[in-house]
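S.K.: Please read through the structure below; I'll follow up with questions.
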Amino acid sequence: MMQPTNRFKKSIPVLLVGLPKFFLHSAAFTSAPCHLPLKFPHINKDAHVSKELAPRRPTLLRSELAQNPVEPNSDSASGSRGSKEVSYAAILKVIDDFHQKDITTACPYLPKEPEVSSHSWVNNSSPKPYQSPITPILSPETANGLRSVAQSYFEQTRDETRGAFGQEVADLGRILSTSSSSASEELKKGLYEALIQQIYPLVRASWSNHDALLPSKNSHDHYDEEYSQQFPSLVVTSATVAAAGGYPGAKGAMTTLERDAGLFTVHIDLGNENEANPHDAMGGIYLESLVSSDTITEAVVGPLSLGQAVIHRSNERTAAFIVPANLRDVADSNQSLDSTTRRNIIQAAETSRHYGLRLVLTTTGVASSKRNETAKENDGDGLSGVSTQPEAPAEERAYRLRNFARFREDRIRYLTLAGLLDVDDHENHLWLGFDYIARVDNPEYRVDVNQRLSDVNKAIFHLEKAAELGPRDARVHFQLATALGAKMDCEKSLMKENSAKSETEAIQLSRVAAALERSAILESTAVKLGINGINDLATCLHALAETRCKMGEFDKALDVIDRWAECGSIRSDLAIENVGKIDNGTGGRLPMIEWLKTSDTNHKIAVKTIGDVPVFTEDDISMLRDAADRRFSHANGVPTSRYTMQYEGNSEVHLDDLCAADPSLKMRIDKILQNKVYPLVRKAFANDDEDSPEGPLCVYDSIFVRYNGDQARALGRDGASQPLHQDGGIYSINIALNSHKDISNENGFTGGGTFFEAFTDDQNLSSIQRPESPGHAIFHKTTARHAGAPTTSGIRD
């Protein structure tokens with residue numbers, strides 16, 4: 001654990017842990033990162049499928065294939081363990097069938113593009129990645145009406161949330177079905193006009209050379225004469241309304257960073273729920289392909305006015321989110337994660353609940369004469385499942401095939417086909433690269449080092465291709481670094497076996513570092529704008545710091561560690577210190593404090609609050625314990641904590657999670673932090689012999705811990721406890737939430753308290769210290785080794 005120094009100039013995180021316990025931490029660095037395995041950002045490697053990329057109907061697709069089995073092609077490779085091989089033709093047939101069902105049944109209340117008999121296009125044109133007309137696409141009446149019926153729908157369907165709604169998404173058709181028929185018809189009319197008069201013409205004009213918008217081609221890439229005037233029509237296959245924001249602690253992101261099925265996506269801003277201040281918070285769209293090293297706002301399209309739209313290809317990774325109206329007016333020179341822009345976005349998100357409409361478009365397709373002839377030739381030969389209906393567009397086929405592949409052990413075979421269907425989609429190569437790495441990491445994959453190296457080289461090939469096609473996707477560069485590291489390991493093994501020569505280690509490490517640096521830069525933009533959390537960025541920076549150390553570049557490694565530790569300053573949504581503004585409701589009085597010092601050396605170990613002004617009042621304690629009780633009861637025994645120390649008799653829940661579900665609790669905790677906790681830390685450690693960290697204090701982590709002594713004893717333990725350890729962050733604050741037996745004979749617990757190693761042989765002080773009463777606290781530096789003393793009976797919060 002490094003001591004804080006003036007090297008760290010950013011926010012100082014605190015941790016609030018259960019009793020609760022607050023850990024204060026420097027946003028730059030307080031301890032060396034523990035070793036974490038490299039992982040795929042947003043991906044569960046065990047499941048081989050990401051939540052945000054999951055297909056809309058994976059179960060239906062698999063069940064359809066099970067009901068209509070087609071024997072595998074004789075010349076294809078056999079499937080892997082436990083997977084019955086399915087022919088390409090059968091899979092593509094089912095994909096085409098679902099595409100046809102989508103265009104006819106998904107959004108029947110929205111119009112299809114009228115028949116197109118002529119079309120102008122420019123070959124090899126390169127349109128910008130999006131279109132966003134200044135003039136709103138929806139009228140104010142339609143936009144306000146859609147927001148109003150969506151608001152009513154969410155209010156009727158949401159569970160009790162105590163005012164914290166989070167992200168809400170619902171199907172537009174379902175929302176309209178709950179409104180009156182007259183209102184619904186008026187809204188459909190407004191959408192009809194927007195689609196027919198503006199959206200469809202704009203898409204066709206902006207992407208005129210897209211293959212899916214042109215007449216079908218035969219196998220020689222010539223347009224079929226018979227069908228040369230039949231152009232595919234655009235149609236909506238998905239329409240959803242998303243809402244977010246409007247309460248303390250609200251997140252800015254309305255949707256997760258993801259790509260859509262279909263060909264084109266249309267985001268339409270529906271404005272704020274709070275019409276009294278409609279311009280405080282506005283909508284925006286984050287486009288990953290626009291990420292620039294110049295300024296983070298280059299990746300944002302917006303602020304958007306009511307009814308204004310952003311249209312882009314569905315293969316773009318985007319997220320809708322809430323932005324301040326003055327997003328473009330603030331000159332933000334702060335390059336840290338906790339920038340002025342980020343704080344303004346958070347403030348805008350808390351101001352009002354914001355709504356947006358997302359439409360996904362595809363085309364109907366046109367059946368070619370060549371396809372019909374092929375179907376006739378193959379009738380009854382084992383490929384009788386080939387459909388005479390139009391094919392789904394190639395990129396949509398690839399998207400759905402890629403999602404189907406992730407449910408199979410022989411997924412590489414089908415991912416390869418997806419890459420052949422759509423050669424320009426970088427995600428085909430990304431997933432191939434990832435799965436080749438996953439194959440090598442699988443302990444059941446028992447092959448020699450040469451075969452592993454071959455698989456790793458294939459992974460590198462695909463990931464380098466993905467980086468070429470999608471250079472701004474942080475996941476690609478992270479996985480490329482992982483593959484390059486795996487190659488180094490394989491080559492080291494080969495050198496031991498046969499003394500084979502390879503690239504110098506310095507060159508290989510340099511390539512790994514470059515890929516990780518690129519990934520970190522790209523991911524930082526999404527974090528600074530509130531699109532992504534800090535977990536993926538922290539993992540990437542940890543790997544980069546470790547790589548720099550291997551290269552002997554220790555100064556650069558320290559700079560990366562500073563960036564890694566800064567993630568801690570924004571991991572919590574609780575209030576950051578507002579220096580100089582204190583209103584604790586007690587006439588400016590803070591709890592009094594006394595130091596706990598070692599008898600022999602007079603060394604300061606911890607601080608106790610004393611007197612008649614506690615850190616938490618009885619009402620504060622009741623509110624917090626009630627929130628924890630609700631969470632524990634809803635969990636039904638399922639662990640509610642991300643805390644690393646899980647022991648029998650202990651229950652933990654993060655205070656951030658409790659506050660996310662209860663804005664009133666967050667407001668209460670924020671006030672306690674600003675008016676008591678932060679000032680007390682400043683007061684206690686103001687004359688510390690060591691350099692104090694610069695910058696405002698903030699919460700690094702916050703955990704409510706419940707020690708059940710009776711439960712722990714019943715399971716054979718001495719009591720509910722925690723082992724000797726140090727905390728993350730810089731300062732730890734432990735606050736008692738209920739009484740010891742010494743104070744309350746009726747409801748108190750026995751045992752418990754904080755064991756301090758420094759007091760083990762002290763003649764005057766007990767090594768186990770407890771706050772003097774509920775609501776009071778013990779503060780100490782996180783470098784002080786301590787433990788949770790066993791609670792032998794009762795419950796200690």
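S.K.: So for region 389-547, what percent of the C-alpha to C-alpha distances run longer than 22 Å?
M.R.: 48
S.K.: Here is a further query. How much FRET efficiency would the formula 1/(1 + (r/R0)^6) give for E618 and Y109, where r is the Cβ-Cβ distance and R0 is 45 Å, rounded to 0.05?
M.R.: Computed FRET efficiency for E618 and Y109: 0.25.
S.K.: Å³ per residue of the Cα convex hull, for region 270-328?
M.R.: With only Cα atoms used, region 270-328 gives 73 Å³ per residue.
S.K.: Taking 0.36 nm per residue of sequence separation and subtracting the Cα-Cα distance, how much length would be gained by fully extending the chain between N457 and I593, in nm to one decimal?
M.R.: The N457-I593 span can extend by a further 42.8 nm.
S.K.: Mind giving me the FRET efficiency for A183 and E468? R0 is 51 Å, r the Cβ-Cβ distance, nearest 0.05 is fine.
M.R.: 0.55
S.K.: Another question about this same structure. Assuming R0 = 45 Å, can you tell me the calculated FRET efficiency for the pair Q167 and T504, based on Cβ-Cβ distance, to the nearest 0.05? Mind showing how you got there, number by number?
M.R.: Values: r = 48 Å, r/R0 = 1.07.
With R0 = 45 Å, the Cβ-Cβ based efficiency is 0.40.
S.K.: If amide hydrogens are placed 1.01 Å from N in the peptide plane, which non-local residues have theirs closer than 5 Å to the one on V323?
M.R.: Residues meeting the amide H criterion: M282, G283, G284.
S.K.: Another question, if that's okay. Do any chymotrypsin sites (Phe, Trp or Tyr not before Pro) in region 418-513 lie in a DSSP loop with no more than 12 other beta carbon atoms within 10 Å, and if so, which?
M.R.: Y445
S.K.: Multiply the residue gap between R174 and T295 by 0.36 nm, knock off their C-alpha separation, and tell me the result in nm, one decimal place.
M.R.: 39.6 nm
S.K.: On to the next question. Residues with amide H under 5 Å of V615's amide H, sequence separation 5 or more or different chain, H placed in the peptide plane at 1.01 Å from N; which?
M.R.: Hits under the 5 Å cutoff: H776, A777.
S.K.: If you don't mind, there's one more thing I want to ask. What is the ratio of the Cα radius of gyration of region 702-797 to 2.2 N^0.38 Å, where N is its residue count, to two decimals?
M.R.: Here the answer is 1.05, to two decimals.
S.K.: From the protein chains alone at 1.4 Å, what is the descending order of accessible area for V323, V330, largest first?
M.R.: So the residues, ranked largest to smallest area, are V330, V323.
S.K.: Could I ask something else about it? For a distance above 15 Å, tell me the whole-number percent of Cα pairs in region 402-463 that qualify.
M.R.: Taking all Cα-Cα pairs of region 402-463, the fraction more than 15 Å apart is 48 percent.
S.K.: Moving on to the next point. Mind pulling the per residue volume of the convex hull built on the Cα atoms of region 658-728? Å³ is fine.
M.R.: Spelled out: Cα convex hull of region 658-728, divided by residues, is 157 Å³.
S.K.: In nm, to one decimal, how far is the T760 label point from the V330 one, both placed 7 Å along Cα→Cβ?
M.R.: 4.9
S.K.: Also: For the full complex of protein chains and a 1.4 angstrom probe, list H780, H740 by accessible area with the highest value first.
M.R.: Output order, biggest surface exposure first: H740, H780.
S.K.: On a full-extension model of 0.36 nm per residue, what is the gain between S773 and R717, subtracting their alpha-carbon distance, rounded to one decimal in nm?
M.R.: In short, 17.5 nm is gained.
The values are calculated or read from the model by the stated rules, or taken from the named source; none is laboratory data. Just so it is clear, the structure is predicted and the values come from calculations on it, not from any experiment. Cβ: placed from backbone, ideal geometry, glycine included. Neighbour counts: every protein chain shown. The protein model used for the area step is the full one, side chains on, heavy atoms only, and it has no ligands, DNA or RNA in it. Shrake-Rupley method; radii C 1.70, N 1.55, O 1.52, S 1.80 Å.
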